[in-house]
Amino acid sequence: MKIATSIRSFLSETGSVARFVYRYLQELLSPRYEVRQFIRQCFIIGYNSLPLIGVTGFIMGLVLTMQLRPTLLTYGVVSKLPVMVSLAIVREIGPVISALIFAGKISSSMGAELGSMKVTEQIDAMEVSGTNPFKYLIVTRVLAATLMLPVLTIMSDAIGLYGSYLGVNIRDHTSLNLYFFEVFNTLHFGDVLPAIIKTFFFGFAIGIIGCYKGYNSSKGTEGVGRAANSAVVISSVAVFIIDLLAVQITDVLGLN
Amino acid sequence: MMTTTENIKQEAVANNNAPVIVIKDLKKGFGNRIVLNGFSIELKRGESLVILGKSGSGKSVLIKCIIGLLQADSGTIEVLGKNIDRLDHKHMDELRSHIGFLFQSNALYDSMTIRQNLQFPMRRHLGDLSREEVNRRVIETLTNVGLAQTVDMMPSELSGGMQKRVALARALILNPEIILYDEPTTGLDPITGREISKLMTDIQHKYRTSSIIISHDMNCVKRTADRIALLVNGVCYALGTYDELSTSDDENIKQFFE
Ligand SMILES: Nc1ncnc2c1ncn2[C@@H]1O[C@H](COP(=O)(O)OP(=O)(O)OP(=O)(O)O)[C@@H](O)[C@H]1O
Ligand SMILES: [Mg+2]
C-alpha cells in the first residue's frame, strides 16, 4: 500500500517534470527573447561558480597525481603519469566533479530564490506586469546553466591539469612544455568531445531541476527550504545517471 | 466627421456609467473546497467598490480571478468589455496594462531597488519610454506616497508600512483605469492609513479611475467606498452604500460594522 502510493507519487512527479521540460522547450523557441536577463544569468551563474570549481579542479589534479604515482612506480611506468591523470581528468573527473559542485551551488540557489519569489507572490507580480515569468526566470536560468557548465568544465580541466603538473614536479622534474606535450599526445578528439557534450546535459538537468523545484515549491519558508534541499539531492543523482547513460553510449560508439 | 461621432459615442458610453468590470456567476474552488460559489457584481466607471468579508472568505481569490492569475471554474468575467477567458497572452498583457494591482503581501521584487521595482511594469508594458520620462514618473509616484527619499534603497531596508506604500506606488505607476487594492491600509498607522485613503480618493477623482478595494479598515472603507459588497459563503450577500449597510438589521451584515 505504502509502496504503491510512493510509486504513484514518483510517477506523477516524473510526469510533471516532463511537462515542465516540454514547456521549457516551447517557451525557449518562441519570442519574446529575454536576452538581457539571459546574459545577466550567465554572468551570475558562471562567475559565482568559477572560484569553487577552479579550486576543486586544482586539488583533484594534484591529489590524483600524488596518489597514482606510487602504484605506477611499482610497475615501472611512472613516466605514464601525465597520460593517466589527464585521461582521468578530462574524461570523467573534471566533468563530474564540476557538475556536482555546480549542482550544490546553482541548483540550490535556484530552488531557494525561485521558491521564495513564488511564496511572496513576486512571480504573480511579474505576470501582472506584462511579463511571462516562465521566460523571464526559468528559460534564462536553465539556458544559462546549460551553456555555462561546459565552459566551467573546460576551465576546471585546464586548472586540474596544471595541478597535476605541479604534482608531478613534487618528486620528478618536467617542464610545463614537456608535460603538456605528453598530455596532448595522449588526448584524442574522442576523449574530449563526448566529455564536453555530456556536460551540456549535466548543466541542463541541474538547471531544470533547480527551477522546477523552486517554481513548484509549496507555501511557507519550510517549502522553500525543502525546494532548495531536494533540488541539490535530485540534481546530483541526475548527474550520475546521465553519466551512466553517457558511458553506455560512448561504449556503443566505440569511443571508450 | 466620423471621428467626432465616434468620440461623442465613447463619451456617451463613459458618461452612461457603462460598467468596467462585469462578473457573472463566478465559481472557483480548490480541490473539494468551494471558495466562490456564484459571485456576481458590476463595477461602474469611476466607482470605488469595497469588498468586505471574513478572513478566508475568498476576497483575494476574487480579484486574482479578475486579473487572470487564477482561472475561474465557471462563470464569466468581463473587464473593459473583454471576456478575459477568451484572451490570448498578448491581449491579456495589453489589458493588464490598464489595471493596477496591489498585492496583499506587497510582492515587491526583493532583488531589485525601489527604483527598479517601479520601473519594471513601465519597461515591460510600455517599453519605449525615455530614461528621463521613466525616472520622472518614478519620482512623481513615489512622492505621492511620501517616499521619494527611498528610491535607491532595497525593499528589505524599508519598514512594513513603507513597503506597502511602495507596492501601492508600483500599482499606480501606469496610471491605470482600474485599480484592484488588496488591503491597502493594513499594517499602517492610523495617520498614514488616512493619508493613503485620501490618496486613493484623490486618484479616483483626478483620473476617474474605477477601483475594487478589499479592506478591513473601517476608516478606509468609510472614506473610499461608493458602494460596499459583502462576500459571505462565496456569494455577494449584500450590496449597498455605507449608510445603507451600516444601518441594516441583518445579523450577517451588522457584524461587519460593529
Ligand atoms: N492557491 C491556492 N490554493 C489552494 N487554496 C487556496 C489558494 N488560494 C486561496 N486558497 C484558499 O481559498 C480561501 C480564500 O482565500 P483568500 O486568500 O481569498 O482569503 P481572503 O478573503 O483574501 O482572506 P484574508 O482577509 O485573510 O486575506 C482560503 O481558504 C484559502 O485556503
Ligand atoms: Mg486576502
Exercise. Would you say residue A:156 is at pLDDT 95 or above, farther than 30 Å from residue A:22 by Cα and either within 14 Å of another protein chain (Cβ to nearest Cβ) or within 25 Å of the chain's Cα centre (by Cα) (or both)?
Worked result: yes
For this session: Give region B:154-187 a look and list any residue that's without any contact (Cβ under 8 Å) to a residue 40 or more places away in the chain and buried (at least 23 other Cβ atoms within 10 Å of the Cβ), or say none.
Result: B:165, B:185
Problem set entry | Number of positions in region A:110-132 that are away from every other protein chain (no Cβ under 11 Å) and surrounded by fewer than 20 Cβ atoms within 10 Å (Cβ to Cβ) | 0
Exercise. Quick one: would you say residue B:149 is within 14 Å of chain A (Cβ to nearest Cβ), more than 16 Å from ligand 2 (Cβ to nearest atom) and either out of contact with any helix residue (DSSP H, G or I) (no Cβ under 9 Å at 6 or more places or on another chain) or at pLDDT below 95 (or both)?
Worked result: no
Seminar exercise, completed: Selection from region A:4-40 of residues open to solvent by less than 50 Å² (accessible area, probe 1.4 Å) and farther than 18 Å from residue B:123 by Cβ yields A:4, A:15, A:16, A:17, A:20, A:21, A:24, A:27, A:28, A:30
Exercise. Do we have residue B:26 as modelled with pLDDT of 90 or more and over 13 Å from residue B:180 (Cα atoms) here?
Worked result: yes
For this session: Kindly provide the set of residues from region B:203-258 that are of a type outside the set (A, V, I, L, M), away from ligand 1 (no atom under 15 Å from the Cβ) and in contact with a Leu (Cβ under 8 Å, 6 or more places away or on another chain), ordered by number.
Result: B:210, B:211, B:226, B:227, B:252, B:257
Exercise. Strands (runs of 3 or more DSSP E) wholly in region B:15-66 with at least 1 residues that are within 16 Å of ligand 1 (Cβ to nearest atom) and in contact with a Gly (Cβ under 7 Å, 6 or more places away or on another chain) - which ones?
Worked result: B:19-30, B:33-44
Exercise. Which residues, counting only those in region A:201-256, are open to solvent by less than 80 Å² (accessible area, probe 1.4 Å) and over 30 Å from residue A:119 (Cβ atoms)?
Worked result: A:242, A:243, A:246, A:247, A:250, A:254, A:255
For this session: Scan region B:47-72 for residues that are away from every other protein chain (no Cβ under 14 Å) and either farther than 23 Å from residue A:128 by Cβ or hydroxyl-bearing (Ser, Thr, Tyr) (or both) and jot them down.
Result: B:48, B:52, B:54, B:55, B:57
Problem set entry | Top-ranked residue in region A:212-240 [being at pLDDT 90 or above and polar (S, T, N, Q); ranked as farthest from residue A:101 (Cα to Cα)] | A:216
Exercise. Just wondering, is there one or more residues in region A:3-13 that are touching a residue at least 60 places away in the same chain (Cβ under 8 Å), part of a helix (DSSP H, G or I) and aliphatic (A, V, I, L, M)?
Worked result: no
For this session: Considering every residue within region A:161-175, establish whether at least one is surrounded by fewer than 18 Cβ atoms within 10 Å (Cβ to Cβ), closer than 26 Å to residue A:42 by Cβ and not charged (D, E, K, R).
Result: yes
For this session: Out of the residues in region B:90-131 that are in contact (Cβ under 8 Å) with a residue 24 or more places away in the chain and within 16 Å of ligand 2 (Cβ to nearest atom), state the one that is most open to solvent (accessible area, probe 1.4 Å).
Result: B:104
For this session: Could you check residue B:116 against (1) closer than 19 Å to residue A:127 by Cα; (2) within 21 Å of the chain's Cα centre (by Cα); (3) at pLDDT 90 or above and say which number it fails?
Result: (2)
Exercise. Considering B:24, B:28, B:44, which residue is away from chain A (no Cβ under 14 Å), within 14 Å of the chain's Cα centre (by Cα) and either open to solvent by 30 Å² or more (accessible area, probe 1.4 Å) or among the basic types (Lys, Arg) (or both)?
Worked result: B:44
Exercise. Do the conditions hold for residue B:177, that is, is it among the charged types (D, E, K, R), in contact with a Leu (Cβ under 8 Å, 6 or more places away or on another chain) and on the phi < 0 side of the Ramachandran plot?
Worked result: yes
For this session: Looking only at region B:73-103, count how many residues are within 13 Å of ligand 1 (Cβ to nearest atom) and more than 8 Å from chain A (Cβ to nearest Cβ).
Result: 2
Exercise. Of all helices (runs of 4 or more DSSP H) completely enclosed by region B:76-195, which ones contain at least 1 residues that are among the acidic types (Asp, Glu) and within 30 Å of residue B:28 (Cα to Cα)?
Worked result: B:89-96
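The values are calculated or read from the model by the stated rules, or taken from the named source; none is laboratory data. Everything numeric here is computed off the predicted structure, so don't read it as measured data. No Cβ is skipped: glycine too gets one built from the backbone with ideal geometry, and neighbour counts run over all protein chains shown. To get the accessible areas, we keep the full protein, side chains included, count just its heavy atoms, and leave off ligands, DNA and RNA. Shrake-Rupley method; radii C 1.70, N 1.55, O 1.52, S 1.80 Å.
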